[in-house]
Amino acid sequence: MSKISESEIPFPHRKDYMYSIQYLTAWNDANKDSSTNHINWIRDVYKYMAPYVSKSPRAAYVNYRDLDLGINKNGNTSFVEASAWGLKYFKGNFERLVRVKSEVDPDNFFRHEQSIPALPKRKY
């Protein structure tokens, strides 16, 4: 994987990463206290692992979506807001991907809770 440059494809996490960690918890009851306990537990695990994971920037693999990084607001998320997750998932490729998205999907039809935003159309 390290033979392919980070800028050649959208997914930059090619080299210098030894492991990929996915944090996951699940529960079967609908009790609000149970949900709160599980969410707090997984956040505590995430904090505990902080000294052992990437820094400056903190990286994230897009297939392991981390909604705590932020989410789209009704599909109208700004570039600045989307940078919260976009830079972690795509590093230096994020700006290029936003430009492509703006050209190919200006109406933001293809979207999910952390999708790449389309820039507003310019009015001349």
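Do any chymotrypsin sites (Phe, Trp or Tyr not before Pro) in the range 72-118 lie in a DSSP loop with no more than 14 other beta carbon atoms within 10 Å, and if so, which? Spell out each step's value before the answer.
Numbers: sites: Phe79, Trp85, Tyr89, Phe90, Phe94, Phe109, Phe110; in loops: Phe109, Phe110.
Taking the range 72-118 and a limit of 14 other Cβ atoms within 10 Å, the loop chymotrypsin sites (Phe, Trp or Tyr not before Pro) found are Phe109, Phe110.
With 20 Å as the limit on Cα-Cα distance, the pairs of Lys3/Lys55; Lys101/Lys121; Lys47/Lys88; Lys32/Lys88; Lys55/Lys88; Lys73/Lys121 that go past it are Lys3/Lys55; Lys32/Lys88.
Here each label is just a point 7 Å from Cα along the line to Cβ, and for Asp33 and Tyr46 those points are 2.4 nm apart.
Just so you know, all these numbers are worked out from the coordinates, no wet-lab data involved. No experiment lies behind these values; they were computed from the predicted model shown. Note: ideal-geometry Cβ built from the backbone for every residue, glycine included; neighbour counts use all protein chains shown.
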